[in-house]
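Single-structure report; data block below.
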Amino acid sequence: MKTGKRLKGVVISKPIVYGNIATELLSKKTDHTHKWTVFLRGPNGQDISYFIHKVEFKLHETFVNNTRAFKTPPYEVTETGWGEFEIITKIYFPPMSGEKPISLYHMLKLYPPESQSQTWPKGKPVNNFFYEELVFSEPTEEFFEALTKGADGPEIPLKVSGSQVFSLESEAAECKRIETAVAQVTGKYNEYKDRARAAEIEAAKLRRDIAALEAAQ
């Protein structure tokens with residue numbers, strides 16, 4: 001029989017994707033300009049309900065019933081509107097997990113980047129996706145069993161395809177970009193450090209020369 005005992009030293013993480021998709025309404029019968037969907041799902045579109053008890057989306061207060069709760073997938077809300085605002089996605093875990101709910105925040109994005117707004121094709125969706133890993137430190141025995149046995153297929157796809165914008169391939173590329181950026185910053189730091197050291201040596205020499213001139217007067 002599993003208990004609420006926590007597994008010391010055990011850490012397990014689960015990847016998720018959240019955010020929104022928005023499409024401009026080509027036929028506007030009201031002042032609403034876009035149809036949008038906010039969501040929470042697995043990176044590969046897989047079922048994540050085996051470790052999630054409930055998901056709440058908090059919308060702008062002007063919406064009727066602005067807190068929408070879901071105990072089964074799909075975890076998503078579709079609405080229409082004209083303005084961008086902050087979305088709060090609150091994730092609840094099963095009672096046997098002993099885990100506190102967590103909240104994720106993002107701005108509802110309706111419009112393409114300003115640099116692309118003039119050339120953005122009519123009807124093309126605007127994707128605003130975020131990748132996150134939920135980290136469970138020292139989970140309970142029962143929750144650990146659920147976390148390890150409930151996964152169905154690979155949690156992160158190998159390559160980007162279709163609507164799957166996060167992948168092991170893109171993760172590796174992002175790590176490479178970060179490594180390159182760190183190397184560039186480190187190189188610049190060392191360059192400026194050497195310049196500062198040379199300037200200090202030159203300043204010390206000038207101070208000695210000035211002292212020598214003053215002593216000779």
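Whether a residue is over 21 Å from the mean Cα position of the chain (by Cα) and closer than 24 Å to GLY98 by Cα was assessed, and VAL10 passes this test. Against the criterion of being assigned to a helix (DSSP H, G or I), at pLDDT 85 or above and open to solvent by less than 60 Å² (accessible area, probe 1.4 Å), ALA146 qualifies.
A Cβ distance below 7 Å, combined with a sequence gap of six or more or placement on separate chains, defines the contacts here; from segment 113-137, residues that are among the polar types (S, T, N, Q) reach no residue that is exposed (fewer than 10 other Cβ atoms within 10 Å of the Cβ) and not in a strand (DSSP E or B). Within segment 76-97, residues that are in a loop (DSSP other than H, G, I, E, B) reach partners that are open to solvent by 10 Å² or more (accessible area, probe 1.4 Å) with beta carbons closer than 6 Å, at six or more positions or on different chains, in the pairs TRP82/ASP31; TRP82/HIS32; TRP82/THR33; GLU84/MET107; PHE85/HIS60; PHE93/HIS53; PHE93/GLU99; PRO94/HIS53. Looking across segment 16-49, the residues that are surrounded by fewer than 17 Cβ atoms within 10 Å (Cβ to Cβ), part of a strand (DSSP E or B) and not basic (Lys, Arg) come down to THR23, THR37. Residues in segment 97-127 that are more than 16 Å from TYR18 (Cα to Cα) and touching a Gly at 6+ places or on another chain (Cβ under 7 Å): GLY98 alone.
Only residues that are polar (S, T, N, Q), closer than 30 Å to ILE12 by Cβ and more than 22 Å from the chain's Cα centre (by Cα) were counted across segment 81-125, and they come to 1.
The values are calculated or read from the model by the stated rules, or taken from the named source; none is laboratory data. Nothing here was measured: the structure is a model prediction, and the numbers come from that model. Heads up, the Cβs are rebuilt from the backbone with ideal geometry, glycines too, and the neighbour counts pull from every protein chain shown. Remember, those area values only see protein heavy atoms, side chains included, never the ligands or the DNA or RNA. Shrake-Rupley method; radii C 1.70, N 1.55, O 1.52, S 1.80 Å.
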